[in-house]
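Working notes for the structure below.
Computed from the coordinates by the stated procedures, all read-outs in this text should not be read as laboratory data. Remember, predicted model here, so these are calculated numbers, not experimental data. Neighbour counts run over all protein chains shown; Cβ positions are idealised from the backbone, glycine included.
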């Protein structure tokens, strides 16, 4: 964290309140239930059409060609679950949770409650070396301090993590599935019976359908490709948001606004980019106003950027490819101690 950013005057509550009121006056904090209804219907229709095409192709290696489509659809359901977890869809927590359980546990097989808990911890302390679970990943080091002392396979990965980053994302979905089951077994979720039942139904329907339509060889390849690309898709969307931005240590003292803005990065693009990235390309706006509905983030952007300029807060926005380059450079630099570099 740069000292210059850390010691600048803290924005007064009244100044941030003015921004919030401006956004509220523009209707950007209001729920968009119609938009989300259309999104869920469209996503479910796409899923149904893809399932129908899969069944029509039948027991053929050509069916594996649909695995990337299933991966993208699964990612879109993941974004719906993300928005539900942030209470963006409905005013009611119960209604949001219902969507989250259906999108997460039932449709894509990922534990909703576990993810919400970890994601809320991330939002509370983004890029914090010891408090953000998103940078507490055993196979990666996001700072030289995290890399120092690593030995064996983990040390090898950390030394070469820039080159291995995207291949490792192919294992992200598997990691999340395992984490979902572990959270159930360790009693970390509030509704274990509900979550376990939905995960079991998902596994039975997903694996049952794949192995019913395909013979064992193509079925196994289909699952590997679909799950690998699903993890790659999610990781490729989430990585540009914070990776390569300043890391925060216990010694840093940041006000709540700078804590969110300085550790986040926006990705430029049009509405197609918004949809492909689940709105998370507007990461700064999302972190400042986590309950703002996804379709409103683009409209909030110029107001937030102007506020940051007024307050002297760096507002980072870049292209997608440049964000990946910055991420990989950061990972390469973090692994330097293990390569004998300073």
Given Cα pairs under 8 Å that are at least 6 residues apart, what percent is the relative contact order of segment 54-148? 15 percent
What angle, in degrees between 0 and 90 and rounded to the nearest 10, separates the Cα long axis of helix 13-25 from the longest principal axis of the Cα atoms of the chain? 50 degrees
Say R0 is 22 Å: what FRET efficiency, to the nearest 0.05, do residue 20 and residue 318 get from their beta-carbon distance? 0.25
Starting from the 7 Å offset along Cα-to-Cβ, what nm value, one decimal, do you get for the label separation of residue 37 and residue 299? 1.8 nm
Theoretical FRET efficiency, 1/(1+(r/R0)^6), r = Cβ-Cβ of residue 139 and residue 250, R0 22 Å, to 0.05: 0.40
Under a GNM of the chain (C-alpha, springs under 10 Å), which listed residue has the highest mean-square fluctuation: 310, 136, 146? 310
Full-extension gain in nm, residue 151 to residue 306, via 0.36 nm per residue minus C-alpha separation: 51.2 nm
Considering only C-alpha atoms, what is the centroid distance from segment 175-202 to segment 77-109, in Å? 15 Å
Evaluate the distance, in nm, between pseudo-label points positioned 7 Å from the Cα of residue 124 and of residue 271 along their respective Cα→Cβ axes. 3.7 nm
GNM flexibility winner over the chain from 272, 280, 262 (Cα, springs under 10 Å): 272
Any idea what the relative contact order of the chain is, in percent, if you count C-alpha pairs under 8 Å spaced at least 6 apart? 26 percent
Mind checking which of 236, 74, 190 has the largest fluctuation in a GNM of the chain, springs on alpha carbons under 10 Å? 190
Over segment 233-342, relative contact order from alpha-carbon pairs under 8 Å, at least 6 apart, %: 33 percent
Give the angle, between 0 and 90 degrees and rounded to the nearest 10, that separates the Cα long axis of helix 67-85 from the longest principal axis of the Cα atoms of the chain. 50 degrees
How far, in degrees from 0 to 90, does helix 192-213 lean away from the longest principal axis of the Cα atoms of the chain, to the nearest 10? 50 degrees
How far apart, in nm, are two points set 7 Å out from the Cα along the Cα-to-Cβ line at residue 188 and at residue 175? 1.3 nm
